[in-house]
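Working notes for the structure below.
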Amino acid sequence: MIVRYFALACQTIVNPIRADVSGPEEGRAIIKENLDAALDLMKKGLGNGLGSVKLVTFPEMFLTLAPAAWQGRKSSDWRDVGCVEIPGPELEPLFQAARDFNIYIGANAYEYDPKWENRYFNCSFLIDPRGEVILKYRRLHSLSTPSPHDFLDEYVQVEGWDALWPVADTEIGRIAMFPCMEITKPEVARMLA
């Protein structure tokens with residue numbers, strides 16, 4: 001039996017990483033600023049007497065916004081300036097918040113994974129109350145960013161088929177995630193269901 005709980009959706013205001021960002025250090029500072037603002041908003045929401053909040057969510061690209069201004073440049077430029085490792089040290093405050101408040105946190109960021117040196121992903125991820133990443137869904141349908149579809153055979157060989165359609169079994173139910181315009185692709189929701 002699943003116990004009733006509240007979920008808090010935090011709609012953030014994001015300072016975007018623009019094309020005139022001078023380099024990785026400036027990009028990282030913007031990511032930190034956006035993460036700090038998102039966590040402050042979450043803490044205010046949790047302090048509003050909502051009861052038993054067990055799940056907090058943040059929107060797609062809540063750390064950077066879309067890399068639209070970076071189109072036409074090398075993907076390594078965006079990877080170096082606007083991507084984080086998941087899990088990774090830059091997201092530690094998010095992991096700590098999950099531990100501190102004993103909650104699940106669902107979020108989305110542009111991810112750099114050292115296993116895929118020359119690529120980056122639009123990644124939705126779920127953090128459990130221990131501060132562990134228990135689900136990563138890398139966007140499959142994308143017009144402007146890389147996708148596991150771009151190198152599917154190699155991706156599946158390394159990550160396995162389940163990495164394409166991850167679902168987490170949690171104490172608050174089975175959770176799957178996918179971002180934004182993928183809602184227009186009914187196959188995504190069907191596969192995750």
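Taken together, the values in this text are just the output of simple stated rules run on the coordinates, not laboratory data. This is a predicted model, so every value here is computed, not measured. Methodologically, a virtual Cβ is constructed for each residue, glycine included, from the backbone with ideal geometry; neighbour enumeration extends over all protein chains shown.
Can you compute the FRET efficiency between Arg174 and Gln96 using 1/(1 + (r/R0)^6), with r the Cβ-Cβ distance and R0 = 35 Å? Round to the nearest 0.05.
0.85
When N counts the residues of the chain, how does its alpha-carbon radius of gyration compare numerically with 2.2 N^0.38 Å, as a ratio?
1.02
Excluding same-chain pairs closer than 8 in sequence, count the lysine pairs in the chain whose Cα atoms lie under 20 Å apart.
For the chain, the number of qualifying lysine pairs is 8.
Nearest 500 deg cm²/dmol is fine: what mean residue ellipticity at 222 nm does the chain get from its DSSP H runs of n ≥ 4 alone, each adding -39,500 (n - 2.57), divided by its residue count?
Values: 5 runs with 56 residues, N = 193.
Rounded to the nearest 500, the figure is -9000 deg cm²/dmol.
Is any helix in the chain, taking whole DSSP H runs, at least 30 angstrom long along its axis by alpha carbon and on average at least -0.5 on the Kyte-Doolittle scale, and which ones? Let's see the in-between values first.
Working: long enough: 24-46 (32 Å, -0.35).
Helix filter hits for the chain: 24-46.
Residue separation times 0.36 nm, minus the C-alpha to C-alpha distance between Ala29 and Leu192: what's the value?
Using 0.36 nm per residue and subtracting the Cα-Cα distance, I get 55.2 nm.
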